Amino acid sequence: IFSIKQKLLAMASKPLPGWVAFSTSGVGGIFGWIFIHPVNTLAIRMNLASMQNPGAKLNFFSFASQTVKTTGIMGLYDGLGAGIWRQIFYASSRYGLFQVLRDTLAKYREVDFASRLACATAAGGMAALISCPCEVSLVRLSNDATLEPSLRRNYKGVVDCARRIAQEEGVTAFWRGSTPFVTRACLVGATQVATYDQFKAIYGKFGVKGSANVVASSFTAGLVYSIITMPFESAKNRMASQKPDPETGKLPYRGTLQTIQSVAGKEGATALYNGFFPYFLRCGGHTVLMFFAVEELQKNVPQD
């Protein structure tokens, strides 16, 4: 019995091959995103609607109802292709890199809480830089239908959107809002890993076990990092969708802190949290769905 336990422990602690870590993370990310994409569309549109209507108080359910009436239920899936491409690059590299960095570090030292934070933060930042073109395309495609007809870019799809951005605005336009995106990704990596592990232990002490523990911990962790990262999400959306001033030719938003300060100064700090409810649903929901999918996929990987 003792030898069997030792063998099972060794199998459980054996690092996964890199291709398994990346591929299962990508598939898990796509699985979760298919369900969460409509919520993300509402979060982006609600956040950008606050930019177009400064001072307006938006209710999520009223906004969702009006959006469905205007664009139809399938309008909530605008930009789904870009969202899936984003998961292929972002989810696979973010969680894949985290596992690779963590397992590599484990060869040289004990992986403690601080080490996990460092690995998750670095993986999040690198993944964000890799997936910036998909992120910009997702924001553009999700918001284009809400603009006035004269202001719409009328993208035909992900490839057309990426091609036109590169041709009309230059390749660097893909990384125009990269600073808030990368900052947010680093913050998510740090806050999500730390709080998720902590809440698992806390809920466990109250007798919450198994799947219920995963759901509760994921959603609570999602709330924490949603609160921390929402201002950066708002800044990213505004920087990604902005257009030059017709008179001066200058962009209104030039950097992360400048964008946050500008919005807070002109519209109030709460404007940075417009669309928070759907944003939280997206973060918490996607986290739970993805973690379940990745866990199931990796659990069934044959061990030598």
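Would you be able to say whether some residue in the range 163-186 is open to solvent by less than 40 Å² (accessible area, probe 1.4 Å), modelled with pLDDT under 80 and over 21 Å from residue 81 (Cα atoms)? There is at least one residue in the range 163-186 that is open to solvent by less than 40 Å² (accessible area, probe 1.4 Å), modelled with pLDDT under 80 and over 21 Å from residue 81 (Cα atoms).
Within the range 152-161, restricting attention to residues that are touching a residue at least 60 places away in the same chain (Cβ under 8 Å) and of a type in the set (A, V, I, L, M, F, W, C), the residue that is nearest to residue 238 (Cα to Cα) is 161. Take the conditions farther than 22 Å from residue 93 by Cβ, of a type in the set (Lys, Arg) and open to solvent by 20 Å² or more (accessible area, probe 1.4 Å) and apply them to residue 238. Does it pass? So residue 238 fails the test.
Against the numbered list (1) open to solvent by 30 Å² or more (accessible area, probe 1.4 Å); (2) at pLDDT below 80, residue 275 comes up short only at (1).
Residues of the range 241-272 that are buried (at least 17 other Cβ atoms within 10 Å of the Cβ), part of a helix (DSSP H, G or I) and at pLDDT 80 or above: 256, 259, 260, 263, 267, 271, 272.
Of all helices (runs of 4 or more DSSP H) completely enclosed by the range 12-99, which ones contain at least 1 residues that are open to solvent by 70 Å² or more (accessible area, probe 1.4 Å) and at pLDDT 85 or above? Hits in the range 12-99: 18-52, 60-71.
Scanning the range 211-231 for residues being under 30 Å from residue 295 (Cα atoms) and either at pLDDT below 80 or open to solvent by less than 40 Å² (accessible area, probe 1.4 Å) (or both) gives a total of 13.
The values are calculated or read from the model by the stated rules, or taken from the named source; none is laboratory data. Treat the numbers as computed from the prediction; the structure is a model and nothing was measured. Please note: Cβ atoms are built from the backbone with ideal geometry, for glycine as well, and neighbour counts cover all protein chains shown. Heavy atoms of the whole protein, side chains included, go into the accessibility calculation; ligands, DNA and RNA do not. Shrake-Rupley method; radii C 1.70, N 1.55, O 1.52, S 1.80 Å.
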